[in-house]
Each structure stands twice: as structure tokens, then as C-alpha cells.
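To keep things clear, I will list the structure first and then write my remarks on it.
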Amino acid sequence: MEGIVKLDGDIWQVDLQERGIPGWSSAYFMKSEDSSGWMLVETGASSSVERLLGAANYIGIPSAAVKYIGVTHVHVDHAGALGVLARHFQEAEIWVHHRGIKHLADPERLIEGARAAYGEQKMGQYGEIIPVPQENLCAAEEGVIIPLGGRPIEVWETPGHARHHVCFYDSKTKGLFSGDAAGVYLPGLSKLLHRFVTRPATPGPDFDGDLMLQDLYRISLSKAQILYFTHFGAAYPAQLLIELVIGQLLVHMQLARDYLGQEDASRNLCRALELQTKKGLLTSTPEERVCELPGYEQELLLEPLHNSADGLLSFLEKKGVFYE
Ligand SMILES: [Zn+2]
């Protein structure tokens with residue numbers, strides 16, 4: 001089946017083809033050490049449920065064998081399908097940060113927030129968000145270990161992207177399911193340019209720059225060697241990727257400080273972030289051309305910058321940083 005990759009350590013990566021776009025969002029199926037069951041990390045939006053169920057079938061995972069589902073946070077592109085999936089994987093404990101639990105059980109505010117961030121048309125492409133049965137939900141917080149049949153999965157709280165964000169650390173592969181905490185990784189472009197291409201993910205209204213830096217320092221200094229990005233795919237060494245994202249985040253925050261308080265700050269900062277991001281795509285040819293981006297990677301790299309600009313500005317405003 002296209003878009004399913006078997007990784008080392010009994011992990012399968014599934015391209016969710018979010019909104020019909022390949023290479024945007026991944027989910028991962030991870031097998032327990034004693035073969036008694038599986039954990040699914042990330043669900044994507046409801047419009048990806050058919051793909052996810054097709055993938056489980058292809059890999060040979062019966063519905064009752066999915067014992068755990070973990071979502072890194074409750075944004076629609078990571079957890080939107082949970083309500084629908086809970087009907088298929090009825091045995092599964094659903095692990096989510098404790099701040100996210102009430103929003104999954106009663107998703108009204110989640111839907112409102114997503115509509116405000118993405119607009120009506122994009123929301124339609126994500127599919128419906130329905131409540132998750134309260135009794136299936138488990139509170140993920142720092143120090144919790146999910147006992148995946150001899151394969152302990154640690155929960156790390158990483159509140160910089162959103163206050164309800166966690167990462168899941170797999171001791172078997174020394175890999176971290178990083179959600180949006182470690183930014184976005186573009187495998188196609190990285191391959192094309194023979195270097196890592198990443199960007200930090202800083203959307204409003206929850207983004208906190210100080211906390212995100214702490215999260216990134218922590219991951220860089222941790223035992224994690226591989227990152228399983230939701231956007232998109234597995235990459236290593238984790239420490240190099242993270243240190244690249246730290247540098248980018250520091251520069252983006254400086255740009256936001258430069259524009260804060262100015263007229264049209266959001267639009268101008270977005271433009272500045274776009275130019276800065278494109279500069280990172282210079283090829284090594286004599287003409288130093290910016291490489292031709294494949295369509296969807298261009299979208300993945302540049303389209304969310306509107307959101308990122310707003311997140312950076314609102315963080316600085318909340319923090320009370322004003323420059324004359
Ligand atoms: Zn995301």
C-alpha cells in the first residue's frame with residue numbers, strides 16, 4: 001500500500017494524505033515487545049480515517065489489538081479523528097495531555113478554535129470532529145509511562161507549541177514522537193538539497209517561545225536519537241535537527257520583535273519569514289538559485305507562515321515585549 005513505510009524497531013509510518021496532500025502528516029503504528037498489541041501515535045483528521053484503517057488492515061493489525069492511542073496534542077491535524085477512531089479501536093486507552101481531555105470529550109471549543117485558525121473551507125477538508133467517550137481517555141503528563149507490552153513509552157511534557165502538547169519517547173529505538181514540538185521536517189527537500197530542511201511551528205494562540213526553546217534544549221540534550229515527526233517522517237540524528245530548529249526559532253523571534261507594534265505587523269512578518277525561509281533553500285549551483293519546490297512541500301514550508309507570524313507576535317504581546 002502506497003505511503004506506508006516499515007521503519008526499524010517494529011514501527012510503521014503511515015502517510016495520512018491530509019486533505020489529499022501526500023507527505024504532510026504521518027501517524028505511526030508501534031508494536032509491543034511481547035507482540036500482545038499495538039500503539040497508534042497521532043490520528044490526523046477524520047478525513048484520514050479510511051486511510052488509517054486501510055493501513056492497519058494492510059499491516060495486519062486487528063482492531064482489538066490496538067491497545068493504546070497517543071496524540072501529541074489536540075489540534076485537529078493530530079487528534080481530529082479520535083472520536084471516529086474510538087468506535088473502531090474500542091479496546092484502546094486514549095492518551096492525551098490532561099489539559100486536552102475535556103476538549104476531546106466535548107469538542108465544541110476545539111472546533112471553534114480550528115475554524116478560527118483554518119477557515120471554513122479547510123475545516124470541511126478535515127472532516128467532522130465528534131466527542132471521544134470520556135471513559136476511554138487517560139491523562140498524559142510528565143513521567144507517565146505507557147506499558148506497551150515490555151516496551152515502555154515515556155511521556156514528556158513539551159508545552160511550547162501548545163500547553164496541551166506532549167511527546168512520546170520510545171526506549172526501544174531511542175526515538176521521540178515529537179508532534180509539533182521539534183518543528184516541521186521536509187524529507188523531499190532535504191534529500192534534494194543534501195541537508196536538513198526544517199522550520200519551527202509557532203502558531204497562535206498557544207505558542208510560547210520561551211517554553212518552546214526549553215523543550216528544544218531538553219530534546220537536544222536528551223537520550224533521543226531519532227525524531228518521528230508528524231510533519232513529516234523519521235529523521236536522525238535528533239540533536240542536529242533540533243539545533244537547526246533552535247537557530248531558526250531564535251531568528252524568527254528576533255524578526256517578530258522587529259515588526260511588533262508596527263502597522264501591518266502580521267503581514268510584514270509573514271513576508272519576512274517567507275524570505276528568510278527561502279534563503280535557506282539556495283542551491284549550490286553557480287547561479288545560487290532557490291531550488292524549485294515541489295508543490296506540496298512549498299505549501300508545507302510556506303503556507304503555515306501566516307499562522308506562525310501571528311503566533312510569534314501574540315506571544316511577544318502577551319509577554320509584554322515592546323520596542324520603540
Ligand atoms: Zn501539526
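The values are calculated or read from the model by the stated rules, or taken from the named source; none is laboratory data. Since the model is a prediction, treat every value here as computed from it, not as a measurement. Every residue, glycine as well, gets a Cβ built from its backbone with ideal geometry; the counts of neighbours run over all protein chains shown.
For this structure, a couple of remarks:
- Failed item, numbered, when LYS122 is tested on (1) more than 16 Å from the ligand (Cβ to nearest atom); (2) out of contact with any His (no Cβ under 8 Å at 6 or more places or on another chain); (3) assigned to a helix (DSSP H, G or I): (1)
- Residues (within 16 Å of the ligand (Cβ to nearest atom) and of a type in the set (Ser, Thr, Tyr)) located in segment 205-245: TYR228, THR230
- Test for GLY233: is it over 17 Å from ASP215 (Cα atoms) and out of contact with any Leu (no Cβ under 8 Å at 6 or more places or on another chain): yes
- Of the set (1) under 20 Å from the mean Cα position of the chain (by Cα); (2) part of a loop (DSSP other than H, G, I, E, B), all apply to GLY83 but (2).
- Taken over segment 47-64, the residue count meeting the criterion of being within 16 Å of the ligand (Cβ to nearest atom) and part of a loop (DSSP other than H, G, I, E, B) is 0.
- Residue pairs whose Cβ atoms lie under 6 Å apart, sitting 6 or more positions apart in sequence or on different chains, and linking a residue in segment 172-194 that is more than 15 Å from VAL245 (Cα to Cα) to a partner that is assigned to a strand (DSSP E or B) and basic (Lys, Arg), are LYS172/ARG151.
- Put simply, of LYS67, LYS102 the only residue that is in the same structural domain as GLU42 (by TED's automatic domain parsing) and assigned to a helix (DSSP H, G or I) is LYS102.
- Of all residues in segment 1-46, exactly one satisfies the criterion of being of a type in the set (Asp, Glu), within 13 Å of the chain's Cα centre (by Cα) and assigned to a loop (DSSP other than H, G, I, E, B), namely GLU42.
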